[in-house]
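Trainee: Can you keep this structure in mind? I'll have questions shortly.
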Amino acid sequence: MYQFFVEPSQIQGNRIVITGSDVNHIKNVLRMKPGEKIRVCTRNGQNYFCSISDITESFVRADILEKEAESTELPCRIYLFQGLPKNDKMELIIQKAVELGVYEIIPVAMKNCVVKLDAKKAAAKTARWQGIAESAAKQSKRSLIPKVSEPVSYKEAVAYAMKLDQKLVPYENERGMAATREAVEAVRPGESIGIFIGPEGGFAPEEIEAVKGEMKLISLGSRILRTETAGFTTLAILMYHIETSCLEKSN
């Protein structure tokens, strides 16, 4: 079932009006017809099962059949602080992080980042990245579209993360999985979690020193992971822990 996002103002009684680029996608790409079922989510997290009633050049109208009670969101908000990678790796990172349940992605300019973005380039990149996040949210049936922030400095990222409940830093020089298991098992549903991932060149020693005692340094195993793999791995571990914790509580 295809999914689309709308603003709360687009809900009109028992109907939802879809506008913008999704109209062309429904009409000319998917070639959908009246009577077909779709899932519609508002940007504040409300989910509806609907049946298309009208398709025009400027809007698609759908009748609400049922309001979905359960959200597809994790009961924790995970913030990914990603060191800016080379080439188009950030696009892959955003796509997969959204699929794995991230709440917000914050690109971070770190000492060993090769990529340098001025304000104009950063704004253009962020707009593209946000579009990728929205597409991935539709595909993975998210109840909301994760935000992709404009790139920030490492100092700004650390200050932002200090407001969160848990802060994890996968670091290639950490050894032993016992601390990793302890840090993950300490996460509770409802908490906010920050994950710091270094760029291709890794964290600079002074960047690690700046967060020692404030964040939990963890290992992801005895192998060195690429910057894109490290984020996926940490998110997958957290997703499994959070979802199974909720399942155990419900039984």
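The values are calculated or read from the model by the stated rules, or taken from the named source; none is laboratory data. Since the structure is predicted, the reported quantities are computational estimates derived from the model, not experimental observations. Counting neighbours? That spans all protein chains shown, and the Cβs are built from the backbone with ideal geometry, glycine included. Each accessible area value is taken on the protein alone, full model and side chains, heavy atoms only, with ligands, DNA and RNA left out. Shrake-Rupley method; radii C 1.70, N 1.55, O 1.52, S 1.80 Å.
Trainee: Rolling a 1.4 Å sphere over the protein heavy atoms, what is the accessible area per residue of region 109-251, to the nearest Å²? Don't skip to the answer; put the middle values down first.
Mentor: Working: 7650 Å² over 143 residues.
About 54 Å² of surface per residue is accessible.
Trainee: Tally Lys/Arg at +1 and Asp/Glu at -1 over every other residue whose Cβ is under 14 Å from the Cβ of residue 60; what's the total?
Mentor: Details: positive: 15, 27, 31, 33, 37, 39, 61; negative: 22, 36, 54, 57, 63.
Cβ neighbours under 14 Å give a net charge of +2.
Trainee: Near the amide H of residue 86, under 5 Å away, which other amide H atoms are found, from residues 5 or more places off or on another chain, if H is placed in the peptide plane?
Mentor: So residue 86 has HN proximity to 200.
Trainee: Let me ask something additional. For Rg/Rh (Cα atoms, Kirkwood Rh), the choices are [x] 0.93; [y] 0.97; [z] 1.03; which was calculated from the structure?
Mentor: Of the listed options [x] 0.93; [y] 0.97; [z] 1.03, [z] comes from this structure.
Trainee: I've got another one for you. Quick check for me: using +1 on Lys/Arg Cβ and -1 on Asp/Glu Cβ, what's the dipole size of the chain about its Cα centre, in debye to the nearest 20? Provide the component values of the computation, followed by the final result.
Mentor: Numbers: 34 positive and 32 negative charges, 93 e Å.
So the magnitude is around 440 debye.
Trainee: Share of the chain's accessible area from carbon and sulfur, percent, 1.4 Å? Don't skip to the end; give the middle numbers.
Mentor: Working: 6310 of 12770 Å².
C and S atoms contribute 49 percent here.
Trainee: Based on the inverse mean of 1/r over its pairs of different Cα atoms, what is the Kirkwood hydrodynamic radius of region 37-86, in Å? Don't skip to the answer; put the middle values down first.
Mentor: Numbers: mean 1/r = 0.0728 Å⁻¹.
Value: 13.7 Å, from the Cα pair sum.
Trainee: What are the semi-axes of the equivalent ellipsoid of region 77-124, taken as the square roots of 5 times the eigenvalues of the Cα gyration tensor, listed largest first and rounded to whole Å?
Mentor: Working: eigenvalues 77, 24, 23 Å².
Semi-axis lengths for region 77-124 are 20, 11, 11 Å.
Trainee: What would the Debye formula give as log10 I(q)/I(0) at q = 0.20 Å⁻¹ for the alpha-carbon point model of region 60-183, no solvent?
Mentor: Per q value, in the given order, log10 I(q)/I(0) is -1.23.
Trainee: Taking a probe of 1.4 angstrom, what is the accessible area of residue 171 in Å², to the nearest 10?
Mentor: Its heavy atoms expose roughly 40 Å² to the probe.
Trainee: Which FRET efficiency value, to the nearest 0.05, is calculated for residue 46 and residue 116 with the Förster distance at 51 angstrom and r the Cβ-Cβ distance?
Mentor: Values: r = 40 Å, r/R0 = 0.79.
Taking R0 as 51 Å, the efficiency between residue 46 and residue 116 is 0.80.
Trainee: Would you please classify the overall shape of region 176-218 from the alpha carbon gyration tensor, given that a ≥ b ≥ c denote the square roots of the eigenvalues, rounded means a/c under 1.5, and beyond that prolate means a/b larger than b/c while oblate covers the rest? If you can, show how the numbers build up before the last one.
Mentor: Details: a/c = 2.00, a/b = 1.72, b/c = 1.16.
Because a/c hits 1.5 or more and a/b exceeds b/c, region 176-218 counts as prolate.
Trainee: Another question, then. Percent of alpha carbon pairs in region 1-71 separated by more than 19 Å? Walk me through the numbers before you get to the answer.
Mentor: Values: 532 of 2485 pairs.
In whole percent, the long-distance tail amounts to 21.
Trainee: At 1.4 Å probe size, with every protein chain present, just tell me what the per residue accessible area of region 1-102 comes to in Å².
Mentor: Details: 5040 Å² over 102 residues.
Counting only protein heavy atoms, the per-residue value for region 1-102 is 49 Å².
Trainee: Could you grab the Rg to Rh ratio for region 1-120? Cα atoms only, Kirkwood for Rh.
Mentor: Details: Rg = 18.3 Å, Rh = 16.8 Å.
Checking Rg against Rh, the ratio lands at 1.09.
Trainee: Related question: Could you work out the Kirkwood radius for region 159-251, taking every pair of different alpha carbons, averaging 1/r and inverting it, reported in Å? Spell out each step's value before the answer.
Mentor: Working: mean 1/r = 0.0719 Å⁻¹.
After inverting the mean inverse Cα-Cα distance, the result is 13.9 Å.
Trainee: Would you count, across region 1-144, every pair of lysines whose alpha carbons are under 16 angstrom apart, provided the pair is eight or more residues apart or spans two chains?
Mentor: Eligible lysine pairs with Cα atoms under 16 Å apart amount to 14.
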